[in-house]
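Single-structure report; data block below.
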Amino acid sequence: MQGSVKIPLELYYESGESKFSELDFYYGTDSMGGAAEAIAIATHAIIHDEVVTQTPSVKGFGLNFKNSSPGSFRQKFEIEFTDAMAVSALTTMGIPAFIETLTLLLGIPMGGTTKSERRKTMKWLNNMDDLDKLLDRLYRPLVRIHHPVSGQGYKVTLKKAQTKMVIFDSLSHKYMTEDIKDPKEKTITVAVSRFNGRRCTGRFIDRHDAESISFSPKVVKGQPQITKKEMNFLASSLTGVVNDLFLPVQADVTEIRSYDGRVKHYILHRVYEKV
């Protein structure tokens, strides 16, 4: 690849729970703004391995409108990689792996899979230290994309050519905006697939090939309630998983569930060695 590289994408607004008639100007522009923010933040992270807090801070690429079909609500746009470092990073990863990684990043906060059969995608996800910080940062723009869903009952699809990447509908909106906190603590046996010692956050799995679920310690007066010993237990479990050894710990947690009963997140109270 030489010069700039362009990846064409499309946002498609159609009937969802309500039949499509017209797209409200406010809902539509806010949805497109959320898509621009989410895609820019995720793309910057994939290319530069860092999480930026402001969309204008992204570098090496731009998002540009394309001509749309007359009378339709298919909004075409493209990601254009312009500087040499960004193009080089994209070349190394490959466009298919980039699209797969972008799709996963946009989907995980809505209850999507955390796994991919594409080796380069999983390598990037496993090496991204601030993955959960990135996913937290994507939450607000992803909710914004849903404004035509929550406000008008429509469905929004992000597409590359004829391939559907991510669907934003009433169920994904419900997953993001409705939390059910279990009133009782629960003891679980899990291993650690990711752990960020600076943030004291990570992800648990209950078997090697399982979907991972995020965790964070209970916070009191702004301070995470986790001891050095507990952090060592988590780090040791992660080392085992990295070396293909399922090394479980026991954890007392509060479960945060979605509307459909899936566990979205664990609030961590205590960690100890599996008896």
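Of all the residues in region 154-177, those that are more than 16 Å from Ala38 (Cα to Cα), modelled with pLDDT of 95 or more and of a type outside the set (D, E, K, R) number 4.
Of the residues examined, Asp49 is not one that is charged (D, E, K, R), more than 28 Å from Thr121 (Cα to Cα) and in contact with a helix residue (DSSP H, G or I) (Cβ under 8 Å, 6 or more places away or on another chain).
Among the residues of region 96-122, the ones that are surrounded by 14 or more Cβ atoms within 10 Å (Cβ to Cβ) and assigned to a helix (DSSP H, G or I) come to 17 in all. In summary, Ile205 fulfils each of the numbered conditions (1) aliphatic (A, V, I, L, M); (2) assigned by TED's automatic domain parsing to the domain that holds Leu238; (3) under 16 Å from Arg262 (Cα atoms); (4) buried (at least 21 other Cβ atoms within 10 Å of the Cβ) with the single exception of condition (4).
The rows are residues; the columns are (1) surrounded by 15 or more Cβ atoms within 10 Å (Cβ to Cβ); (2) under 26 Å from Met122 (Cβ atoms); (3) of a type in the set (S, T, N, Q).
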{"position": "Thr187", "(1), (2), (3)": "no, no, yes"}
{"position": "Val192", "(1), (2), (3)": "yes, yes, no"}
{"position": "Phe195", "(1), (2), (3)": "yes, yes, no"}
{"position": "Thr201", "(1), (2), (3)": "yes, yes, yes"}
{"position": "Gly240", "(1), (2), (3)": "yes, yes, no"}
{"position": "Asp244", "(1), (2), (3)": "no, yes, no"}
{"position": "Tyr272", "(1), (2), (3)": "no, no, no"}
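Looking at Phe246, is it out of contact with any Asp or Glu (no Cβ under 6 Å at 6 or more places or on another chain) and assigned to a strand (DSSP E or B)? No: the conditions fail for Phe246. Of a type outside the set (Asp, Glu) and buried (at least 21 other Cβ atoms within 10 Å of the Cβ), is that true of Pro141? Yes. For region 138-147, the count of residues that are assigned by TED's automatic domain parsing to the domain that holds Ala36, in contact with a strand residue (DSSP E or B) (Cβ under 6 Å, 6 or more places away or on another chain) and either in contact (Cβ under 8 Å) with a residue 12 or more places away in the chain or under 26 Å from Pro8 (Cα atoms) (or both) is nonzero.
Between Glu22, Glu14, the distinction of being surrounded by fewer than 19 Cβ atoms within 10 Å (Cβ to Cβ) and without any contact (Cβ under 8 Å) to a residue 40 or more places away in the chain belongs to Glu22 only. Within region 109-130, take every residue that is under 13 Å from the mean Cα position of the chain (by Cα) and aliphatic (A, V, I, L, M) and give me the one that is nearest to Leu142 (Cα to Cα). That would be Met110.
Mind listing whichever residues of region 22-47 are touching a Ser or Thr at 6+ places or on another chain (Cβ under 9 Å) and of a type in the set (Ser, Thr, Tyr)? Scanning region 22-47 gives a single hit, Tyr27. Among residues of region 184-198 that are outside any strand (DSSP E or B), those with a beta-carbon under 9 Å from a residue that is surrounded by 13 or more Cβ atoms within 10 Å (Cβ to Cβ) and among the hydroxyl-bearing types (Ser, Thr, Tyr) at least six positions away or on a different chain give the pairs Lys184/Thr254; Glu185/Thr254. Taken as a whole, the condition of being touching a helix residue (DSSP H, G or I) at 6+ places or on another chain (Cβ under 9 Å) and among the aromatic types (Phe, Trp, Tyr) does not apply to Tyr12. Asn232 falls short on exactly one of the conditions (1) without any contact (Cβ under 8 Å) to a residue 12 or more places away in the chain; (2) touching a helix residue (DSSP H, G or I) at 6+ places or on another chain (Cβ under 7 Å), and that condition is (2).
The values are calculated or read from the model by the stated rules, or taken from the named source; none is laboratory data. Every value quoted in this text rests on a predicted model; they were computed, and no experiment measured them. Backbone-built Cβ (ideal geometry, glycine too); neighbour counts: all protein chains shown.
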